[in-house]
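> Before I ask anything, let me first share the structure, which is written out below as structure tokens.
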Amino acid sequence: MKIYTRKGDGGETSLIGGTRVPKHHLRVEAYGTVDELNSWVGLVRDQQPPEAQQSILLAVQERLFTIGACLASDPERSRMAVPDLKDADIELLELAIDAMEENLEPLQNFVLPGGHPAVSQAHIARCVCRRAERIVVHLDEASAVDARIPKYLNRLSDYLFVLCRTLSKHHGAEERPWKPRA
């Protein structure tokens, strides 16, 4: 199978199911942003986070591929079976958040992103996750989306925020609180 087909040269792409849509279609924007998020999560995983989080991040990447496949499918025309998200996937994130929070000081202020490259990269992943969630919610207004997808993305952004705090502690980086001007 060749990597290039030339079918997209005119600005359209095919969804799973064969429907052709413009490359700027909201569905394409949704799964493209999830793909971008997956790349950022891979970069975060490459920064040697605490061992307990490495397996969680790998599972997250696998679920993001699942979400991408769901979003790339034409809900009206596709007959192809795509993997589905499960409630247990969301629960895994919640358990990971709870476990990390046990080792962190309670949050008193908003914190500024940064302090260590791994922390900054995790914050970028968190922001891309929030964008993916917004796009998916927008897509759901026009075409039904599995309700677990925005829920998973919402929980994933929470997980990534707590991971940022965990990475700060792991790397001995200072968490700088945001102090509004008086």
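Since every read-out is calculated from the coordinates, none of them should be taken as a lab result. Here the structure is a predicted model, which means the values were calculated and not measured. All Cβ positions, glycine included, derive from the backbone under ideal geometry; neighbour counts span all protein chains shown.
> Counting other C-beta atoms within 10 Å, which of 1, 100 has the fewest, and how do the rest follow?
1, 100
> Pairs of lysines 8 or more apart, or on different chains, with alpha carbons under 27 Å: count those in the chain, would you?
5
> Further question: For the range 25-73, what's the relative contact order in percent, using C-alpha pairs closer than 8 Å and at least 6 residues apart?
Computed over the range 25-73, the figure is 58 percent.
> Kindly point out which whole DSSP H helices in the chain project their C-alpha atoms 20 angstrom or further along the helix axis while averaging a Kyte-Doolittle hydropathy of 0.0 or above.
26-45, 51-71, 87-101, 117-142
> Follow-up question, since we're still on this one. Which residue, 172, 32, 68, tops the fluctuation ranking in a GNM of the chain built on C-alpha contacts under 10 Å?
In this elastic network of the chain, the residue with the biggest mean-square fluctuation among 172, 32, 68 is 172.
> Using a 10 Å cut-off around each Cβ, can you sort 127, 70 from fewest to most neighbouring Cβ atoms?
Ascending Cβ contact count within 10 Å gives the list 127, 70.
> Roughly speaking, what is the centre-to-centre gap between the range 51-109 and the range 116-141 when only Cα atoms are used, to the nearest Å?
Centre-to-centre distance over Cα atoms comes out at 13 Å.
> So what's the back-of-envelope 222 nm ellipticity for the chain, counting only DSSP H runs of four-plus at -39500 (n - 2.57) apiece and dividing by all residues, rounded to 500?
The per-residue figure over the chain is -20000 deg cm²/dmol.
> Using DSSP to define loop residues, name the GluC sites (Glu not before Pro) in the range 1-92 whose beta-carbon has at most 12 other beta-carbon atoms within 10 Å.
Of the GluC sites (Glu not before Pro), the ones in loops of the range 1-92 whose Cβ has at most 12 other Cβ atoms within 10 Å are 76.
> Are there any trypsin sites (Lys or Arg not before Pro) in the range 60-117 that are in a DSSP loop and have at most 13 other Cβ atoms within 10 Å? List them by number.
Passing both the DSSP loop test and the Cβ count: 77, 79, 86.
> Moving on. How long is the gain from residue 176 to residue 1 if the chain were fully straight, where each residue apart is worth 0.36 nm and the alpha carbon distance is subtracted?
Extra length from residue 176 to residue 1 when fully extended: 58.0 nm.
> Could you please rank 40, 178, placing first whichever residue has the fewest other Cβ atoms within 10 Å of its Cβ?
Starting with the residue having the fewest Cβ neighbours, the order is 178, 40.
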